[in-house]
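The values are calculated or read from the model by the stated rules, or taken from the named source; none is laboratory data. Bear in mind the structure is a predicted one, so any value in this text is a computation, not a measurement. Here Cβ is always computed from backbone atoms with ideal geometry, including for glycine, and neighbour counts include all displayed protein chains.
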Amino acid sequence: MAGGVRVIMALCCGVLLLPCGFAARLPAEKEKLAELQARFDKESNAVHKAKLLTRLSAAQFEETRRLEKVGDFNSVGLLWEKFRDNARATLEGLKKQVHDAERHVGGYRELEIGLREGIRELEQTMLLAPPEYRPPLDIVRGDLSAMDDEVLRLLFPRRTIDVPAQAPASEKQP
């Protein structure tokens, strides 16, 4: 009997909480790309800008997928360049405002996650893009990878020191 009551209570709580979770996602989905871009451009706090970049990039990726389906790869390329420029502006802002990334990881962590996701999405775009559109996308990918490496070096300075690789000791053959 007690097990049945628990199941009923769990179902009731789930049904009551479902609209709350659904309502929480609606505003983020309804925000338009232009509105998010305007908010991003106006934001002066670099950490807030990094958090806003996450939402902006999700909207950009969605728009990119829509444009890919239509076959408008000129606009896709422009969106990826805008993503790169937004990520670069965020990184520059973080370097100016947050001097010790190892101790104050907030914005750097969001930026690194966003860059990783962006690189994955861009690689998917490059697979779908016609050959004549791939070279500019490859340049953007290189820029994003370089920024990702820089963020990782800032976050983990002691672990990412460039140490020359040593050749393995050769084994003596009898």
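Please find, among T90, T160, the residue that is assigned to a loop (DSSP other than H, G, I, E, B) and modelled with pLDDT under 95. Lay out the reasoning, then the answer.
Details: T90 fails: assigned to a loop (DSSP other than H, G, I, E, B).
After ruling out the rest, the residue left standing is T160.
Yes/no matrix, rows are residues, columns are (1) out of contact with any Leu (no Cβ under 7 Å at 6 or more places or on another chain); (2) of a type outside the set (V, I, T); (3) over 19 Å from T125 (Cα atoms):
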{"site": "A59", "(1), (2), (3)": "no, yes, no"}
{"site": "K69", "(1), (2), (3)": "yes, yes, no"}
{"site": "D72", "(1), (2), (3)": "yes, yes, no"}
{"site": "D85", "(1), (2), (3)": "yes, yes, no"}
{"site": "A89", "(1), (2), (3)": "yes, yes, yes"}
{"site": "L94", "(1), (2), (3)": "no, yes, yes"}
{"site": "A101", "(1), (2), (3)": "no, yes, yes"}
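Scanning segment 42-68 for residues that are more than 17 Å from the chain's Cα centre (by Cα) and within 26 Å of G142 (Cβ to Cβ) turns up R66, L67, E68. Out of curiosity, is L128 surrounded by fewer than 16 Cβ atoms within 10 Å (Cβ to Cβ) and not basic (K, R)? It is true that L128 is surrounded by fewer than 16 Cβ atoms within 10 Å (Cβ to Cβ) and not basic (K, R).
Which of the residues belonging to segment 116-157 are assigned to a helix (DSSP H, G or I) and among the aromatic types (F, W, Y)? Correct list: Y133 only.
Confirm whether R141 is on the phi < 0 side of the Ramachandran plot, surrounded by fewer than 16 Cβ atoms within 10 Å (Cβ to Cβ) and among the basic types (K, R).
On the way: on the phi < 0 side of the Ramachandran plot: yes; surrounded by fewer than 16 Cβ atoms within 10 Å (Cβ to Cβ): no; among the basic types (K, R): yes.
So R141 fails the test.
Taken together, K32, K82, K49 contain a single residue that is modelled with pLDDT under 95 and surrounded by fewer than 19 Cβ atoms within 10 Å (Cβ to Cβ), which is K32.
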